[in-house]
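The values are calculated or read from the model by the stated rules, or taken from the named source; none is laboratory data. Note that the coordinates shown come from a computational prediction; the quantities given were computed from them, not determined experimentally. Cβ sites come from the backbone with ideal geometry, for glycine too, and all protein chains shown count toward neighbours.
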Amino acid sequence: MSASRGACPTLFTPMQTGDGLLARIVPADRITPARFIAFCAAAEQHGNGTIEVSARGSLQVRGLSAQSAPLFAADTEHLGIAVQGLPIITNPLVSDPAAPVDVSEIAAALRAAIDAEGLTLAPKVSVIVDGGGTLHLDALAADVRLRAINTSTGPCFQVALSGDAATATPLGSIPISGVVDVVLDLLRAIAARGDARAADLLRSEGLAAFQNRSCLRRDVSRPKPRPAPQIIGLHPLRDDRFALGVALAFGHARADVLAELVRAASDRRVSVVRPAPDRAMLLIDVRRADAIVIAREAARLDFIVRADDPRQRIVACPGRPACGSGLIASRALAAQIAGLARSPSGGIAVHVSGCRKGCAHPGAAALTIVGTERGCGIVHNGSARAVPNAYVNPADIASEFARVAPSEAAHA
């Protein structure tokens, strides 16, 4: 039941980890509370009861076994909440009045066309379709990324390859009607090179590798940068309705606790539950007064309901024992550190990584605590792969936190 080397876990091909098999799903755009509660029950019945929301907004269930994984997959498939095939990531805020384009139908048409094409692509190939709304997807990387913009003749999509909004290579723009044809052409070019990514083609052949249809206009200006979105809190929708964003502390929660939150949201007439990037959840289509009540319940259940919660600036992988590679209990250490942190500002201040792979945050952080054979390696302004500046016993990390990283502790 484990995935092959270089592959990503899916619903039907879970991956072996330290606490059993892990299944990952790309969630559907609109999940009813009842179906999400049933999903939580399946995770508790067939796994170890831990549900994660990833940095890209995927759902992960831990602790499955070779016997229980197929049963969990069947239950989840029956619920209809998992999107199969090539990951196509869309904005988590459905019915966003600020979005030039509602991308739900576009993404569905793309999925159908890709399935019909039968392309064989590398496991990590993905597509982003960003409708240009409040909760944009600029921080997420993808092989093909589309961003909706308004023009004098109506909305269109800017197209870029391989990267996030700041690093992807601009390719041009297309009308909405050309999305399916152009994206299929780009994916065909990637698939034709075997187990390749868009970045591989750009390095070896440049933009000449991507021969697209005539509807793609060759304007290659880079999209204007946008402020980082803040998922936590209230987001206005149409007709005096709101979406409430809450985050899972360090990206995980017990299935029964998550079900309790969604049940409380359902009691207050939330109609849609949507996992979101940055390890968050959106509870959608609710009146303001009801959203405030739900937020109080979420806080009681230890979910993050304030943007200035210091846990928002600490990222941690599962670590030991959940991950077979983990050398430290990352999330437990992160919880200790969060209690000492104060004065939050923007960005990730602390990364706690169970090993040098740095899966939860591949980039640099002001302070990285990484599991090593010598204990907790301390890295200042670097990633988990960097050579530590010092080593600390895991049992002493909380008391040593301010001493080994005074500047980071003051601003984390």
> Restricted to the range 131-153, and to residues that are in contact (Cβ under 8 Å) with a residue 60 or more places away in the chain and more than 24 Å from G363 (Cβ to Cβ), which residue is surrounded by the fewest Cβ atoms within 10 Å (Cβ to Cβ)?
Replying inline: I149
>> If the requirement is being surrounded by 23 or more Cβ atoms within 10 Å (Cβ to Cβ) and modelled with pLDDT of 95 or more, which of these qualifies: L301, L261?
In response: L261
> For the range 361-405, which strands (runs of 3 or more DSSP E) that fit wholly inside it have 2 or more residues that are more than 30 Å from P277 (Cβ to Cβ) and either over 26 Å from the mean Cα position of the chain (by Cα) or assigned by TED's automatic domain parsing to the domain that holds C323 (or both)?
Replying inline: 390-392
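So in the range 88-106, with the set limited to residues that are closer than 21 Å to S54 by Cβ and buried (at least 20 other Cβ atoms within 10 Å of the Cβ), which one is modelled with the lowest pLDDT? Break it down stepwise before answering.
Initial filter on the range 88-106 (closer than 21 Å to S54 by Cβ): 88-94, 103-104.
Those left that are additionally buried (at least 20 other Cβ atoms within 10 Å of the Cβ): 88-94, 103.
Numbers: I88: 94, I89: 95, T90: 95, N91: 95, P92: 95, L93: 93, V94: 86, V103: 92.
Taking the candidates together, the pick is V94.
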> Conditions: (1) surrounded by fewer than 23 Cβ atoms within 10 Å (Cβ to Cβ); (2) under 28 Å from D239 (Cβ atoms); (3) not basic (K, R). P321 meets all but one. Number of the miss?
Replying inline: (2)
> For the range 57-67, does any single residue satisfy the condition of being outside the structural domain of D143 (by TED's automatic domain parsing), in contact with a Leu (Cβ under 8 Å, 6 or more places away or on another chain) and within 29 Å of D285 (Cα to Cα)?
Replying inline: yes
>> What are the pairs with Cβ atoms under 7 angstrom where one residue, in the range 300-329, is assigned by TED's automatic domain parsing to the domain that holds G354 and of a type in the set (S, T, Y) and the other, located anywhere, is modelled with pLDDT of 90 or more and in a loop (DSSP other than H, G, I, E, B)? Sequence gap at least six, or different chains.
In response: S325/G354; S325/C355; S325/K357
>> Condition (residue is surrounded by 24 or more Cβ atoms within 10 Å (Cβ to Cβ) and at positive phi) applied to the range 247-257: is it met by at least one residue?
In response: yes
> What are the residues in the range 47-80 that are surrounded by 22 or more Cβ atoms within 10 Å (Cβ to Cβ) and farther than 24 Å from C359 by Cβ, if any?
Replying inline: none
>> Go through (1) over 18 Å from the mean Cα position of the chain (by Cα); (2) loosely packed, with under 15 Cβ neighbours inside 10 Å; (3) in contact (Cβ under 8 Å) with a residue 24 or more places away in the chain; (4) under 30 Å from D309 (Cα atoms) for H235 and report which single condition fails.
In response: (2)
> Can you name the condition, by its number, that L186 falls short on among (1) farther than 30 Å from E297 by Cα; (2) assigned to a loop (DSSP other than H, G, I, E, B)?
Replying inline: (2)
